[in-house]
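Everything below concerns the one structure shown next.
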Amino acid sequence: MDYRIRMEGGTLRFGTQLDPTPEALSWNSKTVRELAKWDIPAGVYRAKEIVREAGILLEAVCARLGAASAGPLLKNLQASLAVSGREAVLPFASLAAGEERKSLFLAQAEQIGTALSGWAREIYTEQTGRQRYGYDALLRLVHRSRCDQHLWTLEAVSILMGPAGSPEVMQLFNEYLHQLVLLRDILIPYENWEEVPLEIGEDREVIGLRHLEPARDSFFTELIVKRIGHKEIVRFTQKVLCPELVTVGYGFQYRLGTVLPAAVGKSPVTAAPCLLRWHPAQILPGSEAGNTEAIAFDYEQADYGAAPRSWIDSCAPGKSNGDKTNAASLHFRSDADIVPRMLEPGRASLVLRLTDSEGREYGVDLGQALRGQRYMYRPEAVISTESESSSPTSGSEGRSGWLEYEAADLLGLPGLADSSRDSIYYVSAKGNTPLLLGLLGKLFPQNVVVIGGGGADEYAGALRAGKQFGAKFLLHRGIS
């Protein structure tokens, strides 16, 4: 079955839809129901199932300390997963100030941490460990957990180090906190984090999610110390989901699905430029990809600055390049295809294929389109004036001095479209979201402003956004 993403303003088709069975996304039912030591059984899990497996550690702690200890210890988990405060493992709030990308990851960390804490409370009441292994097995469970320097709340300290406490319960609780902190951290790059399947292998040398610690530590070092690039975000997610894939591009396919930037399937206006989205689909079967399901999706042009360019001024506004058809009469279908092109074994590019009303096809490198979405500007918030807020006059130079072009004007040009003039160019996607993404991939991405609605204030803000020299391209989403 073809995989389709339906969104406001269009549909994207790519690859074959995967339909993992419920059994593949739960704990391994063949595991012997004994609790000689705690671990996550080998299998494929989503986030909530991992919270359930880790919850057995908390059950073992509360079996020794009494049921009344659960509330304070769950509050400690909530504090550990928070983004600020004494017990926060990742005090991100103070690190993200003034940096858009870090602020987006801060919001992700906060949202995921809140959800995991809520699930932990819900799952504790289910008593999964007692049902699966029995109460006596929980009492016997001992686990040697190294010190991860997670701070405890004062109430948790009094319980864990009180008369009923012991080094054994301290270490069980420490492991519980650490596993859920690791889970939160590895899910931060995904917009649909709760859907991402995580595979736990048989051949791990450490328990639970601890095999992901090196990748997680490297990622957060980059994130905190530097202005992390998109490639490093993808590199991290590959190490978590598909460690055998060495080549890094802007996305990838692996056995359990495809990971692409969040702008694939959402409006480029609203999609977070640094987040990824997991899709239950494979774009290329292994037989067509060098007998491997793991494929990196890479840019057609590694250096877009060296890519061939065409000057938009070579075609008159409202005329398509290469023939005399009036481009204003052309409309584009709102459904588009993403088509793979193998570059070498384990590495492919993806082409966004758009079709106009006369059946002509236009291909745009999807990687360049996603690069354009990351580099685009949004209108600044300003107080508009009458001269700034004037919308362009169709097909001619308007009062603001803007030149209006049709989408076919740009898409018909070879290479990337650019201009050597200090002019303002206006192009509307007319509500077609795949077309807007295609235009972002066709324009040289140095001074492109995307207008979401089109009110007077937004037009004025578009003039203030971006660089205040050279050509400026205003792309209008076309949906009010």
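Rule-based calculations on the coordinates, nothing more; no lab input. Note that the coordinates shown come from a computational prediction; the quantities given were computed from them, not determined experimentally. Cβ placement follows ideal geometry from the backbone for every residue including glycine, while neighbour counts extend to all protein chains displayed.
Phi angles of segment 423-439 translate, via the Karplus equation with coefficients 6.51, -1.76, 1.60 and θ = phi - 60°, into HN-Hα couplings of 10, 10, 10, 10, 9, 9, 7, 6, x, 9, 5, x, 5, 4, 5, x, 5 Hz per residue; Gly and Pro are given as x.
Averaging over all projection directions, the Cα-based convex hull of segment 20-208 occupies 10.9 nm² in the image plane. Placing a label point 7 Å from the Cα of Q111 along the Cα-to-Cβ direction, the residues of segment 185-226 whose backbone N falls under 19 Å of that point are 185-198. Across segment 213-220, rounded Karplus estimates of 3J(HN,Hα) from the backbone phi angles (6.51 cos²θ - 1.76 cosθ + 1.60, θ = phi - 60°) give 4, x, 5, 5, 5, 5, 4, 6 Hz, Gly and Pro being marked x.
Close amide H partners of L416, meaning residues 5 or more places away or on another chain with modelled amide H under 5 Å apart, are R309, S310. Ranking I283, G134, Y250 by how far each Cα lies toward the positive end of the dipole of the chain (charges on Cβ) leaves G134 at the top. When the Cα positions of A96, A271, S420 are compared along the charge dipole of the chain, A96 comes out farthest toward the positive end, with charges on each C-beta of Lys, Arg, Asp and Glu.
Close amide H partners of T258, meaning residues 5 or more places away or on another chain with modelled amide H under 5 Å apart, are H279, A281.
Would you calculate, for the chain, the mean residue ellipticity at 222 nm contributed by helices, counting each DSSP H stretch of 4 or more residues as -39,500 (n - 2.57) and dividing by all residues, to the nearest 500? Helix contribution divided over all residues of the chain: -10500 deg cm²/dmol. Taking the dipole about the Cα centre of the chain, with the C-beta of Lys and Arg at +1 and of Asp and Glu at -1, give me whichever of L18, T433, T237 is farthest to the positive side. Of the options given, the answer is T237. P(r) for the chain, from all Cα pairs and a bin width of 10 Å, is 4, 18, 25, 21, 15, 10, 5, 2, 0 %, short bins first. Between A36 and E293, the FRET efficiency from the beta-carbon distance, with R0 = 25 Å, is close to 0.15.
Across segment 111-126, rounded Karplus estimates of 3J(HN,Hα) from the backbone phi angles (6.51 cos²θ - 1.76 cosθ + 1.60, θ = phi - 60°) give 5, 5, x, 4, 5, 5, 4, x, 4, 4, 5, 4, 6, 4, 5, 6 Hz, Gly and Pro being marked x. The charge dipole of the chain, taken about its Cα centre with unit charges on the Cβ of Lys, Arg, Asp and Glu (plus for the first two, minus for the last two), comes to roughly 420 debye. So if we plug the beta-carbon distance of E232 and Q149 into 1/(1 + (r/R0)^6) with R0 = 25 Å, what FRET efficiency do we get, rounded to 0.05? The value I calculate is 0.50. Here the spin labels are modelled as points 7 Å beyond Cα on the Cα-Cβ line, and at T247 and E213 they lie 3.3 nm apart. Taking amide hydrogens as placed 1.01 Å from N in the peptide plane, the amide H of Y425 sits under 5 Å from those of L403, K472, F473, L474, each at least 5 positions away in sequence or on another chain.
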